[in-house]
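This report concerns only the one structure given below.
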Amino acid sequence: QVQLVESGGGLVQAGGSLRLSCAASGRTFTNYAMGWFRQAPGKEREVVAAISWRGRTTYYADSVKGRFNISRDNAKNAVYLHMNSLKPDDTAVYYCAAKRGPSVVTTENLYEYWGQGTQVTVSS
(Lines give C-alpha, C1' and ligand atoms only; values in the text may rest on other atoms or scores of the structure.)
Protein backbone atom coordinates (compact mmCIF):
# COMPACT_ATOMS: atom_id res chain seq x y z
CA GLN A 1 0.00 0.00 0.00
CA VAL A 2 1.19 3.51 -0.84
CA GLN A 3 -0.31 6.61 0.71
CA LEU A 4 -0.08 9.86 -1.24
CA VAL A 5 -0.79 13.33 0.08
CA GLU A 6 -0.75 16.38 -2.18
CA SER A 7 -0.17 19.94 -1.06
CA GLY A 8 0.65 23.32 -2.50
CA GLY A 9 -2.52 24.15 -4.36
CA GLY A 10 -4.23 27.50 -4.08
CA LEU A 11 -5.43 30.61 -5.87
CA VAL A 12 -3.01 32.37 -8.20
CA GLN A 13 -3.30 35.01 -10.88
CA ALA A 14 -2.71 34.19 -14.51
CA GLY A 15 0.99 34.22 -15.26
CA GLY A 16 1.88 33.17 -11.75
CA SER A 17 3.53 30.04 -10.41
CA LEU A 18 2.82 27.29 -7.95
CA ARG A 19 4.68 24.22 -6.77
CA LEU A 20 2.67 21.15 -5.93
CA SER A 21 4.14 18.51 -3.67
CA CYS A 22 3.16 14.90 -3.20
CA ALA A 23 4.43 13.08 -0.13
CA ALA A 24 4.49 9.30 -0.34
CA SER A 25 4.58 6.76 2.45
CA GLY A 26 4.21 3.04 2.71
CA ARG A 27 6.06 0.94 0.20
CA THR A 28 9.48 1.71 -1.26
CA PHE A 29 9.01 4.94 -3.17
CA THR A 30 11.80 4.22 -5.62
CA ASN A 31 9.88 1.21 -6.94
CA TYR A 32 7.15 3.44 -8.32
CA ALA A 33 6.75 5.63 -11.35
CA MET A 34 4.73 8.73 -10.53
CA GLY A 35 2.28 10.92 -12.35
CA TRP A 36 0.34 14.13 -11.96
CA PHE A 37 -3.20 14.29 -13.27
CA ARG A 38 -5.85 16.99 -13.18
CA GLN A 39 -9.60 17.20 -13.45
CA ALA A 40 -11.40 20.41 -14.31
CA PRO A 41 -15.11 20.87 -13.61
CA GLY A 42 -17.20 19.00 -16.16
CA LYS A 43 -14.16 17.39 -17.76
CA GLU A 44 -12.48 14.02 -17.55
CA ARG A 45 -9.31 13.56 -15.58
CA GLU A 46 -6.23 13.94 -17.76
CA VAL A 47 -2.54 13.28 -17.41
CA VAL A 48 -0.38 16.36 -16.92
CA ALA A 49 3.09 14.94 -16.36
CA ALA A 50 4.78 11.70 -15.40
CA ILE A 51 8.22 10.59 -14.25
CA SER A 52 10.06 7.29 -14.14
CA TRP A 53 11.13 5.70 -10.90
CA ARG A 54 14.68 7.08 -10.99
CA GLY A 55 13.56 10.39 -12.46
CA ARG A 56 15.49 9.99 -15.67
CA THR A 57 12.51 10.02 -18.00
CA THR A 58 9.62 12.46 -18.00
CA TYR A 59 6.46 13.06 -19.98
CA TYR A 60 4.40 16.23 -20.38
CA ALA A 61 1.03 16.82 -21.92
CA ASP A 62 1.22 19.21 -24.86
CA SER A 63 -0.87 21.74 -22.97
CA VAL A 64 1.78 22.17 -20.27
CA LYS A 65 5.05 21.62 -22.13
CA GLY A 66 7.50 24.41 -21.48
CA ARG A 67 5.49 25.66 -18.49
CA PHE A 68 5.40 22.74 -16.03
CA ASN A 69 8.23 20.65 -14.65
CA ILE A 70 7.94 17.34 -12.82
CA SER A 71 10.68 16.19 -10.48
CA ARG A 72 11.15 13.75 -7.64
CA ASP A 73 13.35 13.47 -4.59
CA ASN A 74 13.62 9.80 -3.75
CA ALA A 75 15.47 10.56 -0.53
CA LYS A 76 12.43 12.50 0.65
CA ASN A 77 9.78 10.23 -0.88
CA ALA A 78 8.33 13.16 -2.74
CA VAL A 79 7.35 14.21 -6.22
CA TYR A 80 6.82 17.78 -7.30
CA LEU A 81 5.06 19.68 -10.04
CA HIS A 82 6.45 23.14 -10.69
CA MET A 83 3.87 25.15 -12.60
CA ASN A 84 4.83 28.40 -14.29
CA SER A 85 2.99 30.84 -16.57
CA LEU A 86 -0.30 29.54 -15.24
CA LYS A 87 -3.44 30.08 -17.26
CA PRO A 88 -7.11 30.01 -16.26
CA ASP A 89 -7.39 26.75 -18.25
CA ASP A 90 -5.03 25.17 -15.71
CA THR A 91 -7.73 25.47 -13.05
CA ALA A 92 -8.47 21.97 -11.79
CA VAL A 93 -8.04 19.53 -8.95
CA TYR A 94 -4.55 18.07 -9.27
CA TYR A 95 -3.83 14.50 -8.23
CA CYS A 96 -0.62 12.58 -7.87
CA ALA A 97 -0.59 8.87 -8.57
CA ALA A 98 1.82 5.97 -8.25
CA LYS A 99 2.37 2.85 -10.30
CA ARG A 100 4.81 0.10 -9.42
CA GLY A 101 7.47 -0.23 -12.10
CA PRO A 102 10.30 1.71 -13.71
CA SER A 103 8.78 3.37 -16.73
CA VAL A 104 6.81 6.52 -17.36
CA VAL A 105 3.10 5.75 -17.52
CA THR A 106 0.52 8.07 -19.02
CA THR A 107 -2.57 5.86 -18.86
CA GLU A 108 -4.77 6.74 -15.91
CA ASN A 109 -6.20 3.29 -15.25
CA LEU A 110 -2.74 1.75 -14.92
CA TYR A 111 -2.00 3.75 -11.79
CA GLU A 112 -2.56 1.87 -8.57
CA TYR A 113 -2.55 4.55 -5.89
CA TRP A 114 -3.97 8.06 -5.83
CA GLY A 115 -3.88 11.04 -3.54
CA GLN A 116 -6.93 13.01 -2.49
CA GLY A 117 -6.16 15.94 -4.77
CA THR A 118 -5.35 19.60 -4.31
CA GLN A 119 -7.27 22.49 -5.87
CA VAL A 120 -5.49 24.91 -8.19
CA THR A 121 -7.43 27.98 -9.26
CA VAL A 122 -5.99 30.46 -11.74
CA SER A 123 -7.77 33.78 -12.00
CA SER A 124 -7.69 35.91 -15.14
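The values are calculated or read from the model by the stated rules, or taken from the named source; none is laboratory data. Since the model is a prediction, treat every value here as computed from it, not as a measurement. In this analysis, Cβ positions are derived from the backbone assuming ideal geometry, glycine residues included, and neighbour counts consider all displayed protein chains. Calculation scope for accessible area: heavy atoms of the full protein, side chains included, ligands and nucleic acids excluded. Shrake-Rupley method; radii C 1.70, N 1.55, O 1.52, S 1.80 Å.
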Inset, instruction - For segment 1-61, report the convex hull volume of the alpha-carbon atoms normalised per residue, in Å³, without decimals. - result: 116
Legend entry - Residues THR57 and ARG100, FRET efficiency given R0 of 22 Å [Cβ-Cβ distance, rounded to 0.05]: 0.85
Legend entry - lysines whose Cα lies under 24 Å from that of LYS65, excluding same-chain neighbours fewer than 8 positions away: LYS43, LYS87, LYS99
Inset, instruction - Using only the alpha carbons of the chain, determine the length spanned along each of the three principal axes and report them from longest to shortest in whole angstroms. - result: 41, 26, 24
Inset, instruction - Mark the label point 7 Å from the Cα of GLN3 along Cα→Cβ and return the residues of segment 26-64 whose backbone N is within less than 15 Å of it. - result: 26-29
Legend entry - Percent carbon-and-sulfur accessible area, segment 26-124, ignoring ligands, DNA and RNA, probe 1.4 Å: 43
Legend entry - Distance between segment 65-85 and segment 1-40 - C-alpha centres, whole angstrom: 8
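Hey, can you find the accessible area per residue of the chain for me, probe 1.4 Å, expressed in square angstrom?
Numbers: 6240 Å² over 124 residues.
Heavy-atom accessible area per residue stands at 50 Å².
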Inset, instruction - Evaluate E = 1/(1 + (r/R0)^6) for THR107 and SER17, where r is the Cβ-Cβ distance and R0 equals 30 Å; express this FRET efficiency to the nearest 0.05. - result: 0.60
Inset, instruction - Quick one: which residues, 5+ away or cross-chain, put their amide H under 5 Å from the amide H of TYR32? H built at 1.01 Å from N. - result: GLY101
